[in-house]
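Visitor: Got a structure here, written out as structure tokens. Questions coming.
The values are calculated or read from the model by the stated rules, or taken from the named source; none is laboratory data. Note that this is a predicted model, so its numbers are computed, not measured. In this analysis, Cβ positions are derived from the backbone assuming ideal geometry, glycine residues included, and neighbour counts consider all displayed protein chains. We work out accessible area using only protein heavy atoms, side chains counted, and drop any ligands, DNA or RNA first. Shrake-Rupley method; radii C 1.70, N 1.55, O 1.52, S 1.80 Å.
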Amino acid sequence: MDDRSGRVTVRELSKRFGSITAVDGVTFSVEPGAVTGFLGPNGSGKTTTLRMILGLVTPTSGRARVNGVPFAELAHPARVVGAVLEAQGFHPGRTARKHLLVCAAAIGVPDAAVDHVLGSVGLAHAADRGVRGYSLGMRQRLALAVALLGDPQVLILDEPANGLDPEGIAWLRAFLRGFAAQGRSVLVSSHLLAEVEQTADHLVVISRGRCVFQGSLAQLRGSRQTRVLVQCPAPARLADALARTGVLEIDTLPDGRLGVAGTDSVHVGDVALAAGVAIHGLVEEKIDLEQLFFQLTTGPWRAG
Amino acid sequence: MGRLLRAEVRKTFSTKLWWALLVPVALLSIVINLFGGLFTAAIPNEGAGLPLLLGSLAYALGLTGVFAACYGVVAMAGEFRHRTITTTYLMGPRRGRVLVAKMATSAAVGALYAAVVALVGVLAGLAGQAGGAPAVEQLLAVSAIGMAVAALWSALGSALGTVISNQVGALVGILVYLLLGELLISALLNSANSEAVRRLTAYLPGNAGDVAIYDIPAHVLAGNDLGPTVVETLAGVTAPPPWWGALLVLAVWVAAVAATGWVVGARRDVT
């Protein structure tokens with residue numbers, strides 16, 4: 001039976017299309033009250049995984065559960081999960097309002113809910129126009145309106161930022177944070193880390209169908225050491241001085257600066273002063289999460 | 001199930017499809033039944049007193065089945081074409097129920113087509129006809145059978161649209177079969193030496209629909225002795241069953257395609 005937890009669990013989920021393994025033993029869970037970012041490059045298996053959770057694609061093995069049961073066994077699926085998927089279409093000749101009225105009938109919510117969601121996503125002014133004339137961003141808003149119609153516990157969004165203007169993206173971020181803050185669950189996929197960086201509490205990174213990282217953004221940052229970048233006229237003397245204090249991970253960068261790992265700028269400055277080496281520049285390297293994400297998803301597979 | 005039916009009714013009336021197919025078939029019915037009337041007027045000695053309208057009406061109702069089938073196909077396969085099927089399955093993940101709701105709604109639209117065709121056809125026929133007017137109960141009987149046949153064809157179309165989700169493929173498939181394929185198969189079966197093989201012609205879906213519709217008009221117009229022969233000629237079959245038997249045959253075909261759609265639809269990955 002539906003446990004009403006708002007939790008999505010994916011266990012050892014795999015999908016093969018012919019000889020191609022699209023998803024290969026993915027395990028993660030989506031907890032209520034948080035935004036889970038589902039990251040991976042295009043073609044890494046995100047969409048297939050989401051569609052398996054939603055019962056649209058049958059897994060080759062493994063299982064996906066929403067509130068403890070397969071999606072198709074939920075008594076009121078659209079009241080539990082709202083989904084915005086790529087390639088989720090509209091009939092070009094049907095107006096947004098009529099599309100939502102069809103959905104309202106299928107879900108079993110009163111027609112008044114249609115006006116409510118149209119207002120929520122900012123489409124009220126265009127509701128009686130055919131979807132034919134809609135921009136990509138308007139279609140995304142309409143898809144979100146459909147997802148919200150059943151006032152669901154869980155939101156699943158596949159690349160929702162596609163087609164949205166910066167204003168729309170900012171609005172969506174705030175909306176998802178607010179949704180999760182009400183104790184509901186959000187699973188949002190993206191191929192860009194920057195898109196979910198400010199929204200996600202928890203990250204699931206997949207590459208070539210496999211999970212390569214799971215954890216918080218802080219854990220992702222912590223998975224790589226920070227470096228201190230030093231510009232000085234006598235790098236060799238500074239390196240010697242640092243080595244004598246036990247700091248041994250020192251690289252020379254292409255621009256002539258030293259990259260010092262395993263310490264901080266205070267220590268490097270103190271050592272330089274003691275050694276009488278002038279310092280022309282001292283910065284702590286900002287971790288480029290995007291680069292880290294790139295390394296994660298293009299490098300050799302790692303166990304999640 | 002009630003929710004899915006309500007959604008399907010709303011889908012039907014929120015696009016142009018239903019009347020875009022209804023208008024041409026209604027116009028066709030007017031022309032056919034006017035023509036039947038003119039035909040009667042041209043041979044007053046031969047046709048006087050015979051309710052030929054019953055025959056032209058039956059012909060128009062037979063054509064209605066083709067339009068109804070097209071409606072059913074597009075109503076279902078169009079969901080795959082416009083990718084609304086994702087939303088439909090998210091709201092109704094029990095796909096068998098979606099199929100049943102779609103078939104039921106399509107059947108109602110098909111019956112509506114036949115009702116409109118019968119209404120405008122009778123009015124046009126009475127206006128243009130010099131021959132005898134058919135009895136009201138005969139008109140009602142032919143119209144009711146025509147509605148049943150159109151409803152079955154629409155339902156079959158929707159089931160076929162689930163099996164063959166490619167809209168163009170399904171549409172071309174059913175049109176080629178109905179307008180050409182079944183004629184060829186019937187000719188082949190009718191050329192067989194064995195009576196049993198020739199009898200199979202009446203059990204093809206298109207022929208079964210025609211037999212059901214032509215049965216009563218043929219008996220009225222040609223009499224009980226010649227009636228079956230007229231049906232054989234018009235529908236291109238051998239030893240036709242009575243109208244209710246033919247309806248049953250068509251219903252079995254609908255059930256067979258629906259069962260295939262149930263299985264194929266449940267296994268399909270919607271990507």
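Visitor: By accessible area of protein heavy atoms, probe 1.4 Å, what ranking do A:Met1, A:Met138, B:Met147 get, highest first?
Guide: So, going from the largest accessible area down, we get A:Met1, B:Met147, A:Met138.
Visitor: Could I ask something else about it? Quick one: what do you get for region A:74-181 if you divide its Cα Rg by 2.2 N^0.38 Å?
Guide: Taking N as the residue count of region A:74-181, the ratio is 0.99.
Visitor: As a test of the formula, what do you get for the protein assembly as shown when each DSSP H run with n ≥ 4 contributes -39,500 (n - 2.57) and the sum is divided by the residue count, at 222 nm and rounded to the nearest 500 deg cm²/dmol?
Guide: Computed mean residue ellipticity for the protein assembly as shown: -18000 deg cm²/dmol.
Visitor: For A:Val102, what is the net charge nearby, where nearby means another residue's Cβ is under 12 Å from its Cβ and Lys, Arg count +1, Asp, Glu -1?
Guide: Surrounding charge for A:Val102 is +4.
Visitor: Could you work out the Rg to Rh ratio of chain B, with Rh taken as the Kirkwood radius (inverse of the mean 1/r over all Cα pairs)?
Guide: Radius of gyration relative to Kirkwood radius: 1.01.
Visitor: How far is helix B:53-81 tilted off the main Cα axis of chain B, in degrees rounded to 10, range 0 to 90?
Guide: Rounded to the nearest ten degrees, it is 10.
Visitor: Moving on to the next point. Under 8 Å for C-alpha pairs, at least 6 residues apart: give me the relative contact order for region B:2-266, rounded to a whole percent.
Guide: Worked out over region B:2-266, it gives 25 percent.
Visitor: Still on this structure, I have one more. How big is region A:127-186 by the Kirkwood estimate over distinct Cα pairs, in Å?
Guide: 12.3
Visitor: Using a 1.4 Å probe and counting only protein heavy atoms, how much accessible surface gets buried when B and A come together, both sides summed, in Å² to the nearest 100?
Guide: Buried area between the two chains comes out at roughly 2700 Å².
Visitor: Counting pairs of Cα atoms in the protein assembly as shown, how many percent are more than 42 Å apart?
Guide: Here the tail beyond 42 Å accounts for 43 percent of pairs.
Visitor: Give the carbon-plus-sulfur fraction of the accessible surface of region B:2-266 in %, rounded to a whole number; probe 1.4 Å, heavy atoms of protein chains only.
Guide: 73
Visitor: Also: Between 0 and 90 degrees, rounded to the nearest ten: what's the tilt of helix B:167-176 against the longest Cα principal axis of chain B?
Guide: That helix lies at roughly 20 degrees to the long axis.
Visitor: So, one more: Could you grab the relative contact order for region A:180-300? Cα pairs under 8 Å, six or more apart, rounded to a whole percent.
Guide: 29 percent.
Visitor: Now, a different point. With a ≥ b ≥ c the root eigenvalues of the C-alpha gyration tensor of region A:186-288, is it rounded (a/c under 1.5), prolate (a/b larger than b/c) or oblate?
Guide: prolate
Visitor: Roughly how many Å is it from the Cα centre of region A:84-149 to that of region B:194-256, as a whole number?
Guide: 48
Visitor: Output the 0 to 90 degree angle, nearest 10, between the alpha-carbon long axis of helix B:205-235 and the longest principal axis computed from the alpha carbons of chain B.
Guide: With both axes taken from Cα atoms, the answer is about 20 degrees.
Visitor: Could you give the spread of the C-alpha atoms of region B:129-239 along their three principal axes, from largest to smallest, in whole angstroms?
Guide: So the three principal-axis extents are 47, 37, 22 Å.
Visitor: Along region B:5-18, what does the Karplus equation 6.51 cos²θ - 1.76 cosθ + 1.60 (θ = phi - 60°) give for ³J(HN,Hα), rounded to whole Hz, x for Gly and Pro?
Guide: Along region B:5-18, the couplings run 4, 4, 5, 5, 5, 5, 4, 4, 8, 9, 10, 7, 3, 4 Hz.
Visitor: Another question, if that's okay. Expressed as a rounded percentage, what relative contact order does chain A have, with Cα pairs under 8 Å and six or more residues apart?
Guide: Computed value for chain A: 21 percent relative contact order.
Visitor: A drop of at least 20 square angstrom in accessible area, chain alone versus all protein chains together, probe 1.4 Å. Which residues of region A:37-61 meet that?
Guide: So the qualifying set is A:Arg51, A:Leu56, A:Val57, A:Thr58.
Visitor: When chain B is modelled as a GNM with alpha-carbon springs shorter than 10 Å, which of B:Ala58, B:Ala75, B:Ala124 fluctuates the most?
Guide: B:Ala124
Visitor: Right, something else. Pull up the cross-link candidates among the aspartates and glutamates for A:Lys98, meaning alpha carbon to alpha carbon under 14 Å and not fewer than 8 places away within one chain.
Guide: Output for A:Lys98: A:Asp111, A:Asp115, A:Asp128, B:Glu8.
Visitor: Pick from A:Val69, A:Val260, A:Val196: which residue has the top mean-square fluctuation in a GNM of chain A where Cα pairs under 10 Å get a spring?
Guide: A:Val260
Visitor: Using the heavy atoms of the protein chains alone and a 1.4 angstrom probe, what is the accessible area of region B:159-271 per residue in square angstrom?
Guide: 49
Visitor: Using a Debye calculation, one point per C-alpha and no hydration shell, please list log10 I(q)/I(0) for chain A at q = 0.09, 0.11, 0.12 Å⁻¹ in order.
Guide: -0.56, -0.74, -0.82
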